[in-house]
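Engineer: Below is a structure I'd like to ask you about.
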């Protein structure tokens, strides 16, 4: 059982892999390949190869710790098998109790950000001040400069947002056009009703 | 079938249509949460179940839903009325439709995020120092309100005043016994101390004994006792006796 580990230890890449492992276990946020390459003094290509090796080792169902590519970097998280036990000991204040208004505001900022509070209010039809403040406090959004025209503070989603939602980056969000399923369904039901109605 | 009796089963509301309207008009239900398309569909489905077309019901329904839509549109675009007044009606309608479509897409995106959050519910990762989960609430047994009231009543009652009676030592004056013994000795030459103080409290007996010692000290009496704990006999001293013997007598008492 210990043999594969011995073989790996003989591999020169394994030394790098072990260092990366150590860096990732200390980190409290995802580390990019560039950051890891700089810390290890190795080149990015070798770091990526070593990360590939590590992600095989720390794989869902194989280890209690899972290495994942998330929020533009690499990070360890607990395996899903351990989620229940984790939930008993640890709180998740970031995502707990997000309201529908908060999710809508988050969607506006994720898709259209950076954008300001007046822009969010214009889209949602209600003032967004308290919701935005709440999201900033949770660390899901952060200030990103000011609007050139009206000088309002603009907001963008944070890497923590990507991490909480398990996104490698924002391009993983589905395109808004793809989300029209509900309208389609309503139209279908209307049509079938029209057909059922005797002329 | 009157439109008002239409039974609805929406995400935000379940019940008859007229109750929904009442709640909306009383501001007890946020119109933004009400799916008007769902209301329309429910009505059409109900209509499809019956073969006849009730024109009165349809008319009533149209009026109600139109009012509902107008209220909802106003609520959604509260701050935008002024902008739209500058546009001609066709442009305004188009602008409204565009914004509603945009908002609809954002709502769908929010729904996607909510689903994603649900699906990714098992994600735990280090986030700075991990905050410890709050201790689970202890569940209490089913309690009887009467027992609680009784316990409170007992706590609220005025506590009894603390008695200091045992601390009060009232010493009767020694003079009282001095004069009493002197009066006694003027009548009789001798008496028995124990039978004289019988029935008195311990304190009075002690003070009486002090008076006895006082008399003895002044040489007015002589004291004698047959044996230890035997009754003390008191005898009037006719003449002054040598100090040494008295002392001896007193010690033997």
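Readers should treat all values here as calculations from the given coordinates under stated rules, not as data from a laboratory. Because the structure is a prediction, the values reported are computed rather than measured. Every residue, glycine as well, gets a Cβ built from its backbone with ideal geometry; the counts of neighbours run over all protein chains shown.
Engineer: Cα atoms only: what Rg and Dmax, in Å, come out for the stretch A:80-140?
Structural biologist: 14.3, 43
Engineer: How far apart, in nanometres, would the label points at residue B:228 and residue B:210 be if each is projected 7 angstrom from Cα along the Cα-to-Cβ direction?
Structural biologist: Taking the simple label geometry, residue B:228 and residue B:210 are separated by 2.6 nm.
Engineer: Can I ask one more? Given the stretch B:33-76, what whole percent of its Cα pairs are spread farther than 15 Å? Numbers along the way, then the final one.
Structural biologist: Numbers: 444 of 946 pairs.
Tail fraction, whole percent: 47.
Engineer: Please give, to one decimal in nm, the separation of the simple spin-label points placed at residue A:13 and residue B:171, each 7 Å out from Cα toward the Cβ.
Structural biologist: 10.4
Engineer: Extent of the stretch B:1-76 along each principal axis, from alpha carbon coordinates, in Å, largest to smallest?
Structural biologist: Projected onto the principal axes, the Cα atoms of the stretch B:1-76 cover 36, 21, 18 Å.
Engineer: Continuing with the same structure: In what order do A:63, A:116, A:79, A:130 fall by count of nearby beta-carbon atoms within 10 Å, going from fewest to most?
Structural biologist: Working: A:63 13, A:116 23, A:79 18, A:130 10.
By the 10 Å Cβ count, ascending, the order reads A:130, A:63, A:79, A:116.
Engineer: Given R₀ = 41 Å, what would the calculated FRET efficiency be for residue A:34 paired with residue B:66, taking r from the Cβ atoms and rounding to 0.05? Could you put the intermediate results ahead of the total?
Structural biologist: Numbers: r = 59 Å, r/R0 = 1.43.
With R0 = 41 Å, the Cβ-Cβ based efficiency is 0.10.
Engineer: A follow-up question, please. At each listed q (0.18, 0.21, 0.22 Å⁻¹), what is the log10 of I(q)/I(0) that the Debye formula gives for the stretch A:3-88 modelled as equal alpha-carbon point scatterers?
Structural biologist: Log10 I(q)/I(0), no solvent term: -0.77, -0.99, -1.07.
Engineer: Shifting gears a bit: Which value in nm describes the separation of the simple spin-label points at residue B:195 and residue A:57, placed 7 Å from the Cα toward the beta carbon?
Structural biologist: Modelled inter-label distance: 11.2 nm.
Engineer: How big is the stretch A:100-179 by Rg and Dmax over its Cα atoms, in Å?
Structural biologist: 12.1, 34
Engineer: Multiply the residue separation of residue B:186 and residue B:115 by 0.36 nm, subtract the distance between their alpha-carbon atoms, and state the gained length in nm to one decimal. Walk me through the numbers on the way to the answer.
Structural biologist: Values: separation 71, 0.36 × 71 = 25.56 nm, distance 11.54 nm.
This chain segment gains 14.0 nm when fully extended.
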